[in-house]
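Take a look at the structure below.
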Amino acid sequence: MTAPERELFRRDPQNPLLTATEWPYRVNAVFNPGAAVVAGETVLLARVEALTGISHLTVARSVNGIDDWSIASEPLLAPADGVESEQWGFEDPRCVWVEELDCWVITCTAYGPAGPAVYLATTQDFRSVTRRGIIKHPEDKNAALLPERVGGKWILFHRPMTAFGGSHGEIVLSRSTDLQSWSAPEQVLQPRRGAWWDSLRIGIGPPPLKTERGWLVIYHGVKETVSGGIYRIGLALVDLEEPTRLLGRAPDWVFAPLAPYERQGDVANAVFPCGLVHEHASGEVRLYYGAADTSICLATARLDDLLDAVMSPP
């Protein structure tokens, strides 16, 4: 008798897909990529940590999304001279196609002396970028935009670390009519108390995926141990018309740092998802994640299996 599967996602046998050794210039690590499909190519917008310790965002492209990557020789988004709020770099991008705007919207973390802030940029092809600037001020991070308005307003999932909301490491959302001015945070999902795998803090993964049953939320959760934090991946489902209404939450984590390249690196025991590609024809979900803050990896699952898991009773 074989043991039951512990995880819903399956690692690609070619993991890690991208490391610092593949980069066309000297860097310390590549990880936590946003993902998109542009003109038939998979595009990863990778967080790249330079030897200075400061991160920027660089594009890698592949026809099959697995190998034969073409990596840009220069960053797409890097700190601008004289801009204090981004002088310590850009981190952890999420990318979503927004039909109404006819462009890709990138949300990421801009880091400066005041702390991390949510930054927004747009692009047509990931070859050039339009900077829109900071949309949520420090301290705030882990932001992802829904691809369409809900109730006439844009919805931004994020994690502020202030007394005004999010201070316990939860996922909140804010609403906007113009992508510039945002409402006060509203709670969506909180860490579970006690010894749960997501008890310390949680944060949004890729932009939530619209399904017939609701918005599928893939998130990271952290548990503190005597050896440090462990980053795992969980699932939740929120209502299509009112995203603060929780429809389901999987009790178990669905993916965890088990492989050596996930357990050993600059930040041990960490899987951190930022990119998702849904293949409509096959029903496959491709999840691109950072492993141990050191490399870029891929895990796949079937969307139906994820939805079944998130709606199953505890």
**Report entry** Approximate spin-label separation Trp196-Ile66, in nm, with each point projected 7 Å along Cα-to-Cβ
**Finding:** 3.6 nm
Query raised in the report: Got a sec? Charge dipole of segment 15-311, +1 on Cβ for Lys and Arg, -1 for Asp and Glu; which of Leu237, Ala50, Thr21 is way out at the positive end?
Result: Leu237
Query raised in the report: Tell me, what HN-Hα J-couplings in whole Hz come from the Karplus equation 6.51 cos²θ - 1.76 cosθ + 1.60 at θ = phi - 60° for each residue of segment 118-132, using x for Gly and Pro?
Result: 8, 10, 10, 9, 10, 7, 9, 9, 6, 9, 9, 9, 9, 7, 9
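Placing +1 at every Lys and Arg Cβ and -1 at every Asp and Glu Cβ, with all other atoms neutral, what dipole size does segment 85-168 have around its Cα centre, in debye to the nearest 20?
160 debye
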Query - Gain in span if fully extended, Arg149 to His137, counting 0.36 nm per residue against the direct Cα distance - result: 2.1 nm
Report task. Name the shape class, rounded, prolate or oblate, that the alpha-carbon gyration tensor gives for segment 109-185, where a ≥ b ≥ c are the square roots of its eigenvalues, rounded holds for a/c under 1.5, and otherwise prolate holds if a/b is larger than b/c and oblate otherwise. Result -> oblate
Query - Karplus 3J(HN,Hα) series, Hz, for segment 237-249 with 6.51 cos²θ - 1.76 cosθ + 1.60 (x for Gly, Pro) - result: 9, 10, 5, 5, 8, 9, x, 7, 8, 7, 9, x, 8
Query - Gain upon complete extension [Asp239, Leu179; 0.36 nm per residue less C-alpha separation] - result: 19.5 nm
Report summary line: Given unit charges at Cβ for Lys, Arg (+) and Asp, Glu (-), the dipole magnitude of the chain about its Cα centre in debye, nearest 20, is 580 debye
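Taking R0 as 41 Å, what's the FRET efficiency between Glu224 and Asp102 from their Cβ-Cβ distance, rounded to 0.05? All intermediate terms of the calculation are to be shown ahead of the outcome.
Working: r = 44 Å, r/R0 = 1.06.
Plugging the Cβ-Cβ distance into 1/(1 + (r/R0)^6) gives 0.40.
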Query raised in the report: Taking Cα pairs under 8 Å and at least six residues apart, what relative contact order does the chain come out at, in percent?
Result: 16 percent
Report task. Give, in nm to one decimal, the length gained when the segment between His168 and Val37 is fully stretched (0.36 nm per residue of separation minus the Cα-Cα distance). Result -> 43.7 nm
Query raised in the report: Any idea how far apart Arg263 and Arg10 come out in nm if each label point goes 7 Å out from Cα toward Cβ?
Result: 2.2 nm
Report task. Quickly work out the Asp252-to-Ala78 label distance, labels modelled 7 Å from Cα along the C-beta direction, and quote it in nm with one decimal. Result -> 4.5 nm
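Using 1/(1 + (r/R0)^6) with R0 = 35 angstrom and r between the beta carbons of Ser128 and Thr52, what's the FRET efficiency to the nearest 0.05? Present the calculation step by step, with values, prior to reporting the outcome.
Values: r = 24 Å, r/R0 = 0.70.
The value I calculate is 0.90.
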Requested in this report: Give the share of C-alpha pairs in each 20 angstrom bin for the chain, from 0 to the last occupied bin, in whole percents, shortest bins first.
Outcome: 35, 61, 4, 0
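Taking the number of other C-beta atoms within 10 Å as the exposure measure, put Tyr231, Tyr261 in order starting with the fewest.
Ranked by crowding around the Cβ, least crowded first: Tyr261, Tyr231.
None of the figures in this text is laboratory data; all of them are computed from the coordinates on show. This one's a predicted model, so the numbers in the text were calculated from it and none came from an experiment. Note: ideal-geometry Cβ built from the backbone for every residue, glycine included; neighbour counts use all protein chains shown.
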